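**Student:** Mind looking over this structure? Questions follow.
The values are calculated or read from the model by the stated rules, or taken from the named source; none is laboratory data. Keep in mind that this is a model prediction, so the values were computed, not measured. Ideal geometry is used to build each Cβ from the backbone, glycine not excepted, and the neighbour counts take in all protein chains shown.
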Amino acid sequence: MKLFFKSRQKKGEKKKIFFAGVCCTNFIQFRPIYEILKHDQRIEIFFSGMYQSKDRPRELYKPFGIDKKFIIREKFAKLSKFDIYISPDYHMVDNSYSSTIQFFHTTSFRNFSVSQEARKFDQIFLIGPYMKRKFIEAGIFAAEDPRLKEVGMPQTDSLLDNIDTGLSKRLGLDENLPTILYAPVWAPIESFLEDVQKTLKALTTLKANLLLKLHDKFYYQQVNKIRWREYLDSILKENKNVQLINDFDIIPYMRISDLLVSDVSAVVHQFSILDKPIVCMKIDVDQFNKYWPSLDRQAYLNRAVVEANHGEALKEAVLGELANPERLSQKRLAMNQEYFYNIGSSAKCAVSQIYQLLSLGDTDESKTFISKKELVS
């Protein structure tokens, strides 16, 4: 294995990019960039990362069809030379790379991405103005720091695509009913997880198509008293209008939904790009603040959402927003402008920055926007 990497380096023919993730959704966020760069014959892209806290990257990238020869275990990656290191994580940034890019997992008023560790990177691919402001307020970067790059969130680019991928038909959704997407965050708060169950129960009684997209941690038995797989199986058996999303990418399901139900999840900001109504379950902010000490209470209060308790109050809020979907349109526009740069074109922006670091000019492929149909097929 070591000889393989030494021989690759001796060629000196191609620039080498190294991407390291810690979960499958990390690749989903990087994929729009990868879909452009993979066509450039001057570049090779290698992958590594921790799968469920273990050095098993093949399992991490297996769902995405990445060629095994480009997947490297971290212990071997540390012995190799790369031109650029890109990651939403911090644990391998201290290795030797020509350039390093912090590519964030998401943007949220929980602010777990705002860390002093970001200073170790050569470039910071900021998702939006809110994130930039938080880094500056925390004293981590100065406003004029050249490392700060206003890129955006490439995963959200396809939200603005109008191509009908046929996803609704493949799911068998009733076209005469509204489609509701329920995407709760996970938190180690027992009362909150019980409220998730109550919310699910209330939503299943509505005359609507219901799509469920739960955070990965709901399925980690070691941190859950509730056996969510079994619980969800019972929900699906009892309710023919409910679909469980096992896809790692939530974006295609956002596009076919008429309304989002969530809580403090970052999907709220992403969904606002569609300018469709959002209903959020009320939470105990003090409890969540213990879990996320950097939670921004004012940003939480300023969201363009309708808050409701579970049960009948939640159902009334959902029906009310479906009946008047444009009511908070201006606030949603302000929210997505606050959280995202370059909406619809952030992958292009990211690729341009990467080419500058590699001292490469744009190719025809890099100038062509990603086919959203390809990403969801």
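**Student:** So residue 33 fits all but one of (1) at pLDDT 95 or above; (2) surrounded by fewer than 18 Cβ atoms within 10 Å (Cβ to Cβ); what number is the exception?
**Tutor:** Every condition holds for residue 33 apart from (2).
**Student:** Oh, and also: What are the pairs, 6+ residues apart or on separate chains, where a residue within the range 104-120 that is under 18 Å from residue 285 (Cβ atoms) and assigned by TED's automatic domain parsing to the domain that holds residue 135 has its Cβ under 7 Å from a residue that is aromatic (Phe, Trp, Tyr) and outside any loop (DSSP other than H, G, I, E, B)?
**Tutor:** Sorted first by the residue in the range 104-120, then by its partner, the pairs are 109/300.
**Student:** Within the range 303-315, identify whether any single residue is buried (at least 21 other Cβ atoms within 10 Å of the Cβ), assigned to a helix (DSSP H, G or I) and in contact with a Ser or Thr (Cβ under 7 Å, 6 or more places away or on another chain), and answer yes or no.
**Tutor:** yes
**Student:** Looking at (1) of a type in the set (Asp, Glu); (2) part of a loop (DSSP other than H, G, I, E, B); (3) without any contact (Cβ under 8 Å) to a residue 40 or more places away in the chain, can you tell me which one residue 40 breaks?
**Tutor:** Among (1) of a type in the set (Asp, Glu); (2) part of a loop (DSSP other than H, G, I, E, B); (3) without any contact (Cβ under 8 Å) to a residue 40 or more places away in the chain, the lone unmet condition for residue 40 is (3).
**Student:** In contact with a Ser or Thr (Cβ under 6 Å, 6 or more places away or on another chain), closer than 28 Å to residue 145 by Cα, at pLDDT below 95 and outside the structural domain of residue 263 (by TED's automatic domain parsing): which single residue out of 90, 85 fits that description?
**Tutor:** Of the residues listed, the single one that is in contact with a Ser or Thr (Cβ under 6 Å, 6 or more places away or on another chain), closer than 28 Å to residue 145 by Cα, at pLDDT below 95 and outside the structural domain of residue 263 (by TED's automatic domain parsing) is 85.
**Student:** Within the range 207-223, count every residue that is modelled with pLDDT of 95 or more, out of contact with any helix residue (DSSP H, G or I) (no Cβ under 6 Å at 6 or more places or on another chain) and either of a type in the set (Asp, Glu) or over 17 Å from residue 264 (Cβ atoms) (or both).
**Tutor:** Residues meeting the conditions: 4.
**Student:** Here's another thing I want to ask about it. State all residues of the range 270-302 that are in a helix (DSSP H, G or I) and closer than 21 Å to residue 188 by Cβ; if no residue qualifies, say none.
**Tutor:** 285, 286, 287, 288, 289, 290, 291, 297, 300
**Student:** Right, something else. Quick check: is even one residue across the range 168-190 over 22 Å from the mean Cα position of the chain (by Cα) and under 28 Å from residue 223 (Cβ atoms)?
**Tutor:** yes
**Student:** Does residue 99 meet the test of being touching a strand residue (DSSP E or B) at 6+ places or on another chain (Cβ under 8 Å), within 16 Å of residue 250 (Cα to Cα) and among the hydroxyl-bearing types (Ser, Thr, Tyr)?
**Tutor:** No: the conditions fail for residue 99.
**Student:** I need the full set of residues from the range 284-302 which are without any contact (Cβ under 8 Å) to a residue 12 or more places away in the chain and exposed (fewer than 14 other Cβ atoms within 10 Å of the Cβ), in order please.
**Tutor:** Correct list: 286, 290, 293, 298, 301.
**Student:** Looking at the range 154-242, what helices (runs of 4 or more DSSP H) fall wholly within it and have at least 3 residues that are touching a strand residue (DSSP E or B) at 6+ places or on another chain (Cβ under 9 Å)?
**Tutor:** 190-204, 228-238
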